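Q: One structure is given below, represented as structure tokens, and several questions about it will come after.
Nothing in this text is a laboratory measurement; each read-out follows from the coordinates by a stated rule. All values derive from a computational prediction rather than experimental measurement. FYI the Cβ positions are ideal-geometry reconstructions off the backbone, even for glycines, and counts take in every protein chain you see.
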Amino acid sequence: NAGVTQTPKFRVLKTGQSMTLLCAQDMNHEYMYWYRQDPGMGLRLIHYSVGEGTTAKGEVPDGYNVSRLKKQNFLLGLESAAPSQTSVYFCASSYAGDNSPLHFGNGTRLTVT
Amino acid sequence: GENVEQHPSTLSVQEGDSAVIKCTYSDSASNYFPWYKQELGKGPQLIIDIRSNVGEKKDQRIAVTLNKTAKHFSLHITETQPEDSAVYFCAASPNSGYSTLTFGKGTMLLVSP
């Protein structure tokens with residue numbers, strides 16, 4: 001079991017460029033999440049999904065889009081990157097929404113110049 | 001929505017000492033309180049959790065206490081070891097519908113040999 005795998009691990013973008021972060025889980029989990037982690041800000045939820053084909057907004061969704069076309073994958077898109085989106089992005093999954101433990105990937109460090 | 005405050009932001013202890021990290025929450029509907037440990041370069045990992053029908057829970061050297069009246073919960077680590085050095089996050093969630101976790105800002109624990 002690989003658990004939760006995020007690609008890429010590192011990326012540098014210029015302002016205005018677009019990119020997609022990929023998250024894959026092999027635990028057959030229903031719920032998937034995207035968080036961003038910034039110094040002194042903790043983990044903030046961007047978007048999440050409660051099942052294949054569903055998405056919902058979290059605390060800080062502006063500037064991001066997501067898709068969950070397959071149960072095992074959750075994609076995070078930045079259409080026009082801004083320096084404020086420089087962050088470490090974490091994907092997580094959980095078996096269900098009834099406070100099942102979150103399983104996190106090892107993160108993607110994104111720098112927008 | 002829920003607001004979780006975590007203190008202190010940094011904590012330095014000597015090996016063998018105890019460490020205590022405290023969190024307060026605002027939403028009286030919250031009834032699930034997990035703690036996550038994040039080692040350098042990795043995603044957070046669940047180390048212990050507590051639900052509102054329990055006042056205290058122990059797992060070897062770690063314990064969590066909950067005071068629902070005062071809306072605060074704490075993580076206690078006894079006999080600290082250098083490998084306990086990490087960032088610790090508390091979180092809170094109501095157990096209703098598609099509830100999601102709200103995280104505190106984190107505590108960096110440094111255990112010196």
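Q: Could you list log10 I(q)/I(0) for segment A:1-89 at q = 0.25 Å⁻¹, which the Debye formula gives when each Cα is one point scatterer?
A: Computed log10 I(q)/I(0) values: -1.39.
Q: Within a Cβ distance under 11 Å of B:HIS72, other residues only, what is the Lys/Arg minus Asp/Glu net charge?
A: With Lys, Arg at +1 and Asp, Glu at -1, the net is +2.
Q: For every other residue with a beta carbon closer than 10 angstrom to the beta carbon of B:PHE89, add +1 if it is Lys or Arg and -1 if Asp or Glu, then tell me the sum.
A: Surrounding charge for B:PHE89 is +2.
Q: How many nm separate the modelled label positions at A:THR113 and B:ASN67, each set 7 Å beyond the Cα in the direction of the Cβ?
A: Those two pseudo-labels are separated by 5.1 nm.
Q: Give, as a single signed number, the net charge of other residues whose beta carbon lies under 11 Å from the beta carbon of B:GLN45, with Lys and Arg counted +1 and Asp and Glu -1.
A: That works out to +1.
Q: Where Rh denotes the Kirkwood radius from the mean inverse Cα pair distance, what is Rg over Rh for segment B:13-105?
A: Across segment B:13-105, the Cα-based Rg/Rh ratio is 0.97.
Q: Further question: Would you mind pulling out the separation of the Cα centroids of segment A:1-45 and segment B:36-78, in Å?
A: What the calculation gives is 25 Å, centre to centre.
Q: Now, a different point. Give the order of A:PHE10, A:PHE104, B:PHE73, A:PHE74 when sorted by the count of other beta carbons within 10 angstrom, beginning with the fewest.
A: A:PHE10, A:PHE104, B:PHE73, A:PHE74
Q: Here's another thing I want to ask about it. Mind checking segment B:1-99 for trypsin sites (Lys or Arg not before Pro) that DSSP puts in a loop (not H, G, I, E or B) and that have at most 10 other Cβ atoms within 10 Å?
A: Those that pass, being in a loop and sparsely packed, number zero.
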